[in-house]
Amino acid sequence: MIKLAIISLVIAAVLALLGFGGAAGTFVGIAKILFFIAIAVFVLFLVLGILAGKGIKDAID
């Protein structure tokens with residue numbers, strides 16, 4: 001997901017250099033959305049991993 005966000009930012013930079021401001025803005029918006037989705041998924045998996053680790057630790061003890 002982060003890889004797609006970086007690719008979108010590179011495309012936006014190229015489009016901005018070529019003078020396509022509207023399309024560049026669209027790609028920047030897409031990159032921001034993908035970045036925040038990636039952070040949300042990371043935090044979700046982090047919390048689930050911590051909870052699963054505690055559950056396994058309690059089951060073993």
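The values are calculated or read from the model by the stated rules, or taken from the named source; none is laboratory data. Here the structure is a predicted model, which is why all the values come from computation and not from measurement. Here the Cβ positions follow ideal geometry from the backbone for every residue, glycine too, while neighbour counts run over all protein chains shown. Note: accessible area is taken over every heavy atom of the protein model, side chains too, but ligands, DNA and RNA are not part of it. Shrake-Rupley method; radii C 1.70, N 1.55, O 1.52, S 1.80 Å.
Sorting 7-15, 21-29 by average packing, meaning the other beta carbons within 10 Å per residue, from highest down gives 7-15, 21-29.
Relative to the longest principal axis of the Cα atoms of the chain, the long axis of helix 2-18 makes an angle of roughly 10 degrees. Using R0 = 30 Å, the C-beta based FRET efficiency linking LEU46 and ILE7 works out to 0.75.
Take every pair of alpha-carbon atoms less than 8 Å apart whose residues are at least six positions apart; their mean separation over the length of the chain yields a relative contact order of 35 percent. Using a probe of 1.4 angstrom and keeping all protein chains present, the accessible surface of the chain works out to 77 square angstrom per residue. The C-alpha atoms of the chain define a longest principal axis, and helix 21-60 lies at about 10 degrees to it. Solvent exposure of ILE2, expressed as accessible area, is near 80 Å², computed with a probe of 1.4 Å over the protein chains only. Remark: the chain is approximated by an ellipsoid whose semi-axes, taken from the C-alpha gyration tensor as √(5λ), come to 41, 8, 4 Å, largest first.
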